[in-house]
Protein chains: 2
Amino acid sequence: MNTLAYGLLSLLTHVPLSGYDLTQRIQPFWPAKHSQIYPLLARLEKYGMVSCELVQQSDKPDKKVYSLQEKGFDALREWLTVPAAEPVMRDELMLKAFCVSYVEPAVSRDLFAARLEHYRAKLLRLEDKIRGVRQLANADEAETPPYDSPFFGPYIMLNKGLMVCRTNIEWCEWVLSIIPGGTSATADRKD
Amino acid sequence: MNTLAYGLLSLLTHVPLSGYDLTQRIQPFWPAKHSQIYPLLARLEKYGMVSCELVQQSDKPDKKVYSLQEKGFDALREWLTVPAAEPVMRDELMLKAFCVSYVEPAVSRDLFAARLEHYRAKLLRLEDKIRGVRQLANADEAETPPYDSPFFGPYIMLNKGLMVCRTNIEWCEWVLSIIPGGTSATADRKD
DNA sequence: TACTGCATGTAAACCGTTACATGATTCG
DNA sequence: CGAATCATGTAACGGTTTACATGCAGTA
């Protein structure tokens, strides 16, 4: 039972999902490839944490849909009582940023401009998703789903994503504004 | 040549360092244990990227001090021209947050309160560090070291750390404020 | 026709952590 | 006297990525 295993159980609390679906949905929180997910699901089934049902489809390949079992739910509740480990963040850009002074401004400019675009695109995706969650939860703009709602978790996580994403955009714009020789094409916006 | 290898070269641009020092300094940007660093440094020396000098010490154990070589510097410049890979973030709390609705508020409250403390402590460390860098760079409050300065890189990174840390604190406080049954002992501060 | 999405799996290689191993000095 | 810091290394294990493998349906 590693963290990824608990992550899969977490996603299965809301609704039964296939290995394929789980692989897509866990990406934002705990990136993992299907080659890691499929064997893990088999193990979770062997342990009785989840059950598996083969669903036949005509237009698409058949799939295995996993549901959380009582034993898995117990394991999850137990896991939730132990404090979360410190987050681990590995960002190549942070290493590159360390020695930008040693290359021409144009080179580092490209680096931060690319990252800025990445975050701007991510922000749009997140705003879209949060609209989706609010619709499902029947919540107005600026209204939060109640604690008991299954949308509470996704909602607070999406908000974290939004806040951090905006901060990163701000940071990229600031860095671009202090790298000399900017054409101000990407590094606009003075605050 | 993996990312960690380039990270070590990056740190060596400023000043020669021992494996022990490198292990300490790379933690905030690319967490790694000494067991990974020492063999990598030996490999980097074999490739001619760094040179190694044995420094004898009387009060402390002898150490190997590594310096960046021309070949390593070339590799680094080459590496800086390719766009940085997307950051990878793995946070157990995000997985736990997903299913907080399924446990009592007190349990999730502990989770976020602990994380809030973690970020508050981190913020203090960062503020301390940025004061140190500003002193070394002879910069006033709110003044940024010039692009050519070796302090430029560390300065922009520390600022990112600060900004993201503050955002995380804000988020934790917000989450604690919307979890029902709060004693407002840890979740104070209404904005 | 070629690519993308759906869907599942295995094997090899690589990355990262934990544990094993040693030994001096300094501080409480 | 025990713990922390400095300092370097290896071995085993577990986590993660990349590559191999297959196959159908819809779209450009």
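The values are calculated or read from the model by the stated rules, or taken from the named source; none is laboratory data. These figures come from a predicted structure and were not determined experimentally. Backbone-built Cβ (ideal geometry, glycine too); neighbour counts: all protein chains shown. The protein model used for the area step is the full one, side chains on, heavy atoms only, and it has no ligands, DNA or RNA in it. Shrake-Rupley method; radii C 1.70, N 1.55, O 1.52, S 1.80 Å.
In the range A:91-109, the residues that are more than 12 Å from B:Val82 (Cα to Cα) and open to solvent by 20 Å² or more (accessible area, probe 1.4 Å) reach residues that are among the small types (Gly, Ala, Ser) and part of a loop (DSSP other than H, G, I, E, B) with C-beta atoms within less than 6 angstrom, at least six apart or across chains, in these pairs: A:Pro105/A:Gly181. Which one is most open to solvent (accessible area, probe 1.4 Å) among residues in the range A:139-152 that are over 19 Å from A:Ser10 (Cα atoms) and out of contact with any Phe, Trp or Tyr (no Cβ under 9 Å at 6 or more places or on another chain)? Applying the filter and picking the extreme gives A:Glu141. Checking each residue in the range B:63-90 for being in contact (Cβ under 8 Å) with a residue 12 or more places away in the chain and either hydrophobic (A, V, I, L, M, F, W, C) or open to solvent by 30 Å² or more (accessible area, probe 1.4 Å) (or both) picks out B:Lys63, B:Lys64, B:Val65, B:Ser67, B:Leu68, B:Gln69, B:Lys71, B:Phe73, B:Ala75, B:Leu76, B:Trp79, B:Ala85. Identify, please: which residue in the range A:118-133 is open to solvent by 40 Å² or more (accessible area, probe 1.4 Å) and over 15 Å from the mean Cα position of the chain (by Cα) and is, among those, modelled with the lowest pLDDT? Only one residue fits best here, namely A:Arg131.
Across the range B:86-96, a minimum of one residue is classified as closer than 24 Å to A:Pro105 by Cα, of a type outside the set (Asp, Glu) and within 14 Å of chain A (Cβ to nearest Cβ).
Is the range A:112-122 home to any residue that is assigned to a loop (DSSP other than H, G, I, E, B) and of a type in the set (Lys, Arg)? Within the range A:112-122, none of the residues are assigned to a loop (DSSP other than H, G, I, E, B) and of a type in the set (Lys, Arg). Would you check if A:Val82 is more than 14 Å from DNA strand D (Cβ to nearest atom) and either modelled with pLDDT under 95 or within 13 Å of chain B (Cβ to nearest Cβ) (or both)? So A:Val82 passes the test.
At least 3 residues being within 22 Å of the chain's Cα centre (by Cα) is the threshold, and among the strands (runs of 3 or more DSSP E) wholly inside the range B:1-103 those reaching it are B:63-68, B:88-90.
For the range A:18-41, how many residues meet the condition of being within 14 Å of chain B (Cβ to nearest Cβ) and within 7 Å of DNA strand C (Cβ to nearest atom)? Qualifying residue count, the range A:18-41: 0.
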